[in-house]
Amino acid sequence: MEYNVLTLPIDLITGNYVDIRLQLPNGQDYVVVSKKQVTVPVSNGVYLSDTIQMNLTEKEILYMSCAIVENF
């Protein structure tokens, strides 16, 4: 799956762990996916700072889909 709705930290590097959170306008804050290790891909010897790779379970993919729908 590819997602283009995530905001990534500037200093993210391969091996870091992230939580993907959903923050609603009413102040509610939910953890959608927790403690996932990321890989920052390399293209022509340059890290792609706007792209990450994560291994998600089927359940986590469904959580992401629901969070994206809820966000919009």
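Seen against the Cα atoms of the chain and their longest principal axis, helix 58-71 is set at about 70 degrees. Considering only the Cα atoms of the range 1-68, their convex hull presents on average a projected area of 5.1 nm².
Model label sites at GLN53 and ARG21, defined 7 Å from Cα along the beta-carbon direction, differ in position by 2.8 nm.
Read-outs: derived from the displayed coordinates by stated rules, not from any lab. Model, not experiment: these values are computed from the prediction. Backbone-built Cβ (ideal geometry, glycine too); neighbour counts: all protein chains shown.
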